[in-house]
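Below is one structure; the comments refer to it alone.
The values are calculated or read from the model by the stated rules, or taken from the named source; none is laboratory data. Given the structure is predicted, the values throughout are model-derived calculations rather than measurements. Cβ placement follows ideal geometry from the backbone for every residue including glycine, while neighbour counts extend to all protein chains displayed. Surface areas here come from the heavy atoms of the whole protein model, side chains and all, with no ligands, DNA or RNA. Shrake-Rupley method; radii C 1.70, N 1.55, O 1.52, S 1.80 Å.
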Amino acid sequence: QVQLVESGGGLVQPGGSLTLSCVASKNIFSTYATSWYRQLPGRQRQLVAGISSGGNSMYADSVKGRLNISRDNAKNTLYLQMNSLKPEDTAVYYCNARRTGAELWGQGTQVTVNS
């Protein structure tokens with residue numbers, strides 16, 4: 001069973017930056033579409049950013065220009081560079097990898113933006 005493990009969350013002041021990482025236990029990212037989602041308590045998970053197996057990326061309107069998704073297939077690692085963070089970015093962030101017939105989630109990492 002492939003596992004995804006996120007890291008890099010924490011407490012940051014408004015305007016600050018964080019980089020989240022998601023490491024897969026096997027080399028899957030070259031054949032899976034990968035994404036970052038976030039979730040507030042009692043709310044549904046929302047897609048934040050995604051990158052296809054071919055390398056095409058997309059972003060939610062609320063994060064365009066502030067967040068950057070990237071992937072290093074050789075290191076089995078997905079990244080989310082987060083800049084100009086706002087209090088409304090506070091959430092648990094989840095890594096997702098999917099392809100036809102398979103979907104994987106990480107355990108989540110908490111990001112708190114607060115002065």
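Taking the empirical scaling 2.2 N^0.38 Å for compact globular proteins as reference, the chain has a Cα radius of gyration ratio of 1.00. Counting only Cβ charges, +1 for Lys and Arg and -1 for Asp and Glu, the dipole size of segment 38-92 around its Cα centre is about 60 debye. By the equivalent-ellipsoid construction on the alpha carbon gyration tensor, segment 1-41 comes out with semi-axes of 25, 11, 10 Å, ordered largest to smallest.
Counting only heavy atoms of protein chains, what accessible area per residue, in Å², does segment 1-60 have with a probe of 1.4 Å?
54 Å²
Given an 8 Å cut-off on Cα distances and at least 6 residues of separation, report the relative contact order of segment 28-84 as a percent. Here the relative contact order equals 29 percent.
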